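What follows is a short report on a single structure.
Here, each number is a calculation from the coordinates, and none is a lab measurement. Owing to the predicted nature of the structure, the values given are computational and were not obtained by experimental measurement. Here Cβ is always computed from backbone atoms with ideal geometry, including for glycine, and neighbour counts include all displayed protein chains.
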Amino acid sequence: MHLRSSPPLTVYSAKYDDEAVEESFPPDTCESSLRNFVSCLYYEYFILTSISDTNSLERKPSNTDQPSASVADNEQESEGKTERHSQDKNLINEAEITIEPVDQLVKSPVKKHGRHSSMDLAANGNTSITQLLEKCVADSTETPQPSEEKEAKEEVKDAEVPEPEETPSSQQETTPQPAESGDQKLEEYVNHRGIRFTPQEEPPLLQPYGLVCVRELFRFLISLCNPLDAQNTSAMVHLGLCLVGTALEVGADQIANYPSLLYLVKDPLCRNLLSLLDTERISIFALDLQVSFLLFEALRFHLKFQMEAFFKKIIEIISTDTTKAIYELKEIHHLALESLAQMFRIPGLCAELYLNYDCDIYCMNVFEEITKLLSKNVVSSTAYNIHTLSLEALLTIIEAIEIGSQAKDECESETQIQILEEEKEKKYGRGGHVSLELGGMDESAGSEYAAHDISEYFVGGRMGRHKPYTDLPTEAELDNIRNLKKWVTQGTELFNQKPERGIEFLQEHGVLKTPLDPREVALFLRENPDLDKKMIGEYICKRSSRGEAEAGEGGEAGEAEAEAAPSVLGAFADSFDYTGLRIDQALRLYLETFRLPGEAPLIFLVMERFADRWHSTNGEPFANTDAAFRLAYAVIMLNMDQHNHNAKKLNVPMTVDDFVKNLRGCNGSGDFDQAMLEAIFHSIKNEEMVMPAERVGPVREAYLWRVLQRRGAAAGRYTAAPRRHHHHARLFAVACPPTVSALSAAFERAPPPPAGEAAAAVAAEGAALAALRGLQRCAALQARLPCDTLTLDTLLLTLCKFSGLLAHHHASYVAIGVSLGQSAKAQLALQRACAVAARHADCVRSAWRHLLDILAALYVARLLPKCMVEVEDYLAPGGRVALIRATPRGSDTGLLSSIYSYIALGETGIRAPTPHEKALIEIATECVAKCNLPSLLVTETKFLQVESLQELIRAMIAVGTPPDPESLQMNPQLEEITIFFLELLGQTLIQNRDRLQATWEEASAHITRVVLWAATAAGGGGGGGGGEALRRAVTALLRTAARLMRCDQAAAPALHHLRILFQLPYKLFYHQAEVISCGLYELVKTSAQNVHSAADWDVVFALLCAAGAGAWPRDASTSLSSASSRSEDSEDESERRPTSMSSESELSHSPQTQGWILVKNEPALECESLEGEVRLRACSGAALARCCEALALVVRDVAHVTPYNCRAAVRALIKCRVCGGKLG
């Protein structure tokens, strides 16, 4: 299609009342979108009607349907038509299609334009397109010059199409002669439909069509979509929807600039689209959804309440149970769900739905209701397609929220892109992209001309057409609106039961003022669409609402005040604007808002208020207000007389003469205008004045549509939200709980993914993985947008439950491993839970407990990595030892039971897994290895926030709490679990030793509790080795202290915590002396430089003497407390001496010492007797040797030796050995 630029065009456009008003359009807006809009409309209409007979709007039969006699008589004409049609097909891909308007020769006065129905167009038969344009446009142009007039006549002559009665010679003029050679090209051709084909080399210059043509054609296309029009068949409705969709694809962005076109969209088009949603024809329903998408995507800022009605219809369709429905209804259900997912992909639509409907007091919670309904479909629907499509729509919402809540830098980059697009729009204008597919007409045509892309005429893109508002409501304002909406909803329910109680409830919660403001109450009664009309009528007619109660109580003064102060009834009646409305029209508007009471005095009072208001707003057209009241009351009586069946049985209905006669002399002393009375009579007779409560079917639909139109005219603007804004956090708080519930149900219902690498592609698209990906995205949003409705811990708990490892408390390791290995869904859930916890560990709080419960089950099942179940040991040959020990058989069993257990279970007393179980256990082990638990619980904890780290430490303490004797007897594995979590706690503390102060108080108390519990268990068992649990607890204590003391800040508390070893019975201490001495040796070797004060060295030497020489303090608990106090209060410089250098008077270097430091022979300092402070016990030789090595390290290293600790170390060791320490 050829388009050219032209100067600004002046046309005559029809307004809503069909009055012609002159409008001017600049070429930048009219050329790009408006002209292509018209061209595409004409192209779609006339090409489709000429090619497809099934979709044609023509009412007369086709050539093939004519009687045989007529076929024989018109054989020559048929051959001519066939030849022309074949030429059309040959030329359609070789030439451009040009639809030329006819320039009027003489400018005529402006005329009103009526609607041309499909019958009018179809009746023209082969009428040319120019004649149709003349019929639609009918506006005038200036009289051309004589030379121009001749050219215009020639163009008209070329464009005209011969009628059927023309001679064959005239037909030969328009039909091109056959080409003599293949190189010769057709210069011009006009087919019988009035479409001109011109070569591409020399495109003609076209005159653009005016707005009147566009409006009339658009109105005609909309009328084709009207399902209530009896002459519109299904094929016509289908074609009309196709053409309207094409119109919106090309010119939707420009419709809002022209009120006449926008009016057609608001009222007839939206009403037809909403009516077609009730159809059972799948093709029409699908086209309706497509057109609705195009409409609301481009013009939703002008269609707030129309879009609300659309979503209400969609919700109604989706909520219908289609389990036993016919096939068409099921497909319609599926299409509605697909349309929702498509709608939510519009950028910013989710936020707009929330801001414009959920945060509007008198609108439906569209966003919240849709999310809840989709979640309900996923959870409860049994049809696979239903819950799959609903889940897809929910994930689309989550994706939209995820995009809208991206980081600030991404928002800034998008803002820059938007600025560039706006600059491009200013330069080129806005537009879209439309492709007219022509290749389907001739299969033999080459692909080079198969499609004609007119996107070159639209330079600007479609992104950024709608500029978002910058003055969005704040969080406080939205919270206030949401609270008001909650109270209004509850107050509305109470009002519909008892009006006074509802008003009192609204006053109590601040929605209505106290005392009542009548104008505020009237506004509430007018704007709330959920109020019962009958209750409104009862409330406004009560004495309290009429202002009579105060007047009766206060006498004359009260009556004066009541007249001065407005009543609720008066304010309600004054809230209407009847300007320009006839009295019966105003009465219809008035009575649509409430139900008239049944008592005659109350009707009299209500009508009196109406008459006063109508008479004053219309300039007092009657003699007085009483005349208006008499006429209004007469209209009500006429309505009852004409439409009440009981009244018709008693009396003959009035005629127009009777009605006029009854009102003679009622206008003061005169009569009403007879023409007005006749118009009122015919209006009431033709259309009953039905009360809102009695409206059903089409009448009720028409009433609701009028209410919608009035709300749209009186409502405020539609808030356009930016694509990225902090309000998306509020959307997530609404959508997250139902979405997580739906995803959980979908995962639980989904079949397990196929096993094997060959099925990896199929599994990637499986329902289980899709649900898990959705949960992971929800977790990411929850970490970014925390909300109170659902926390990340709850989501992690859901994933942990799906792993199936939270319920295995007393199961054997074989059962746990087999259960995890054979469940692919459990493996996926475990991996996702660990991935979510690792990704958002800073936001995890109570969910650490669930993860550690799973860790305990994996430890029992022997599925953890080797690095987690092997720990350092001071006495082991390789330096490491496994925490998992073989469980011995019980000693209290009988002889036969022991023999059977030995034969069946082996020496360990545990049943060995079968080969199949071994394979499943290996699969489970690989799954656990992929979870990367050591990194999650140990290595990466140093990057956690303090709050999350504290919760992790508390979870370790809770899971690793020492069991009581009864529980331990029932489940011996609890002992190993306690030691395992003690080791894990120590490793976590070591990784976070630089911030030990935040966790040490709780952790040290737990370590003390575990050590003393292990000592109690070992003492009660009477084991000669002191008990394996005690050995592991002491080893963990010493190793943790040695590693913590490498940090200067953590050295003092970790060192003084070692004095809990003096709380052990000496017998147990003696059995662990070698372990203690090795731990002290490592401590001195690696961390002696961080031992500063004398109190700290006292702890070191006391432990060395106790472990190596058996010097046991007499009052261990007292010394522990005193040492702690001394450590806290030792700030004196005499006690805190420098450790990096020594006094020259005390130390000297000798070349014969070979690196030793010689202490000068000074007078010995008087020291207290060691025998009074300690009791010498038996000692271990290996422990003594190790303690001596530790003391040697202290003496040798000049970096951390002082005269005090050097002399104290030597004297302590010698005194203890000389005074009676015994080697055990």
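Summarising the label geometry, the points placed 7 Å from Cα in the beta-carbon direction at residue 234 and residue 911 lie 6.5 nm from one another. The local environment of residue 732, defined by Cβ-Cβ distances under 10 Å, has a net charge of +1 under the rule Lys, Arg +1 and Asp, Glu -1. Rg/Rh, computed from the Cα trace of region 599-665 with Rh as the Kirkwood radius, has the value 1.03. Summing Lys and Arg as +1 and Asp and Glu as -1 over all other residues whose Cβ lies under 15 Å from the Cβ of residue 509 gives a net charge of 0.
Can you work out the base-10 log of I(q)/I(0) for region 926-968 at q = 0.13 1/Å, using the Debye formula on its C-alpha atoms alone? Here the Debye-derived log intensity ratios amount to -0.43. The Cα atoms of region 475-714 cover 62, 50, 34 Å along the three principal axes, with the biggest extent listed first. Stokes-Einstein, applied to the Kirkwood radius of region 946-1052 over Cα pairs at a viscosity of 0.890 mPa s and 25 °C, places its translational diffusion at 172 µm² s⁻¹. How high is the FRET efficiency between residue 1197 and residue 961 when r is their beta carbon distance and R₀ equals 35 Å, given to the nearest 0.05? Between residue 1197 and residue 961 the formula returns 0.30. Taking the Cα of residue 585, stepping 7 Å toward and past its beta carbon, and measuring to each backbone N in region 661-691: which are under 20 Å? Only 672-691 fall inside the zone, counting backbone N under 20 Å. Taking 0.36 nm per residue of sequence separation and subtracting the Cα-Cα distance, how much length would be gained by fully extending the chain between residue 995 and residue 1089, in nm to one decimal? That pair, residue 995 and residue 1089, stretches by 31.9 nm at full extension. Think of region 475-714 as a dipole: +1 on every Lys or Arg Cβ, -1 on every Asp or Glu Cβ, centred on the Cα centre; then among 569, 684, 536, 684 lies furthest on the positive end.
Only Lys, Arg, Asp and Glu carry charge here, each on its Cβ (+1 for the first two, -1 for the last two); on that basis region 923-1057 has a dipole of about 420 debye about its Cα centre. Counting only Cα atoms, region 761-875 measures 50, 36, 26 Å along its principal axes, largest extent leading.
Between amide H atoms placed 1.01 Å from N, distances below 5 Å from residue 196 occur with 98, 100, all of them 5 or more places distant or on a separate chain. Pairs exceeding 18 Å between alpha-carbon atoms, taken from 313/485; 498/533; 533/649: 313/485; 533/649. Centroid-to-centroid, using Cα positions, region 490-537 and region 915-949 are 60 Å apart. Charging the Cβ of each Asp and Glu at -1 and of each Lys and Arg at +1, and nothing else, the dipole of region 475-714 about its Cα centre rounds to 920 debye. Could you estimate the translational diffusion coefficient of region 646-721 from the Stokes-Einstein equation, with Rh from the Kirkwood formula over C-alpha pairs, at 10 °C and 1.306 mPa s, in whole µm²/s? Roughly 99 µm²/s, to the nearest whole number.
What net charge do the residues around residue 880 carry, taking every other residue with its C-beta under 9 Å from that of residue 880, with Lys and Arg at +1 and Asp and Glu at -1? Intermediate results must be reported in sequence, preceding the final value.
Working: positive: none; negative: 870, 872, 873.
My count for the surroundings of residue 880 gives -3.
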